[in-house]
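K.L.:
Below is the structure I would like to discuss, written out as C-alpha cells.
Please treat every number below as a calculation from the coordinates, not as lab data. Since the model is a prediction, treat every value here as computed from it, not as a measurement. Note: ideal-geometry Cβ built from the backbone for every residue, glycine included; neighbour counts use all protein chains shown.
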C-alpha cells in the first residue's frame, strides 16, 4: 500500500535547494536519490518517488519495512524534505 506525503516548498527557496538538502541529509541516513528537480526516486530503508508541481513536493512511499510504523516513516521524510 503506497502512502503519499505532500510538503510545501517555502517561498524563500526552490525545489532544487530542497532536494539537494534531502540528498545531503539522506546520504547520512542510507538513502540514495536519483532524478532531478522535478521528479525522481529514493531508495533506502523506505523506497519511493517524488514529484514537484509548482510550490508542492509530493513524496510517495512504495515500499517500507513492515515493522516500521508509518508515523516514523513520515517523521524521517519530513526531516529530509523540510525546506
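K.L.:
Among 29, 64, rank each residue by its count of other Cβ atoms within 10 Å, from fewest to most, as a rough exposure measure.
P.N.:
Arranged by neighbour count, lowest to highest, 29, 64 become 29, 64.
K.L.:
By how many nm would the segment from residue 72 to residue 20 lengthen if fully extended, with 0.36 nm per residue of separation less the alpha-carbon distance?
P.N.:
The residue 72-residue 20 span can extend by a further 16.5 nm.
K.L.:
Per DSSP H run of n ≥ 4, the term is -39500 (n - 2.57); total these for the chain, divide by its residue number, and report the mean residue ellipticity at 222 nm rounded to 500 deg cm²/dmol.
P.N.:
-10000 deg cm²/dmol
K.L.:
Using packing as a proxy for protection, rank 48-60, 67-79 so that the peptide with the highest average count of other Cβ atoms within 10 Å comes first.
P.N.:
Packing proxy ranking, top to bottom: 48-60, 67-79.
K.L.:
Right, here's the next one. Hey, what did the chain get for relative contact order, percent, Cα under 8 Å, at least 6 apart?
P.N.:
37
K.L.:
To check my understanding: the extent here is largest minus smallest coordinate of the Cα atoms along each principal axis. What are those three numbers for segment 1-74, in Å, largest first?
P.N.:
37, 23, 18
K.L.:
Now, a different point. Between residue 82 and residue 36, what is 0.36 nm times their sequence separation minus the Cα-Cα distance? Round to one decimal in nm.
P.N.:
My answer for the length gained is 14.8 nm.
K.L.:
Now for a different question. Could you work out how far helix 15-28 tilts from the main Cα principal axis of the chain, as a 0 to 90 degree angle to the nearest 10?
P.N.:
Around 40 degrees separate the two axes.
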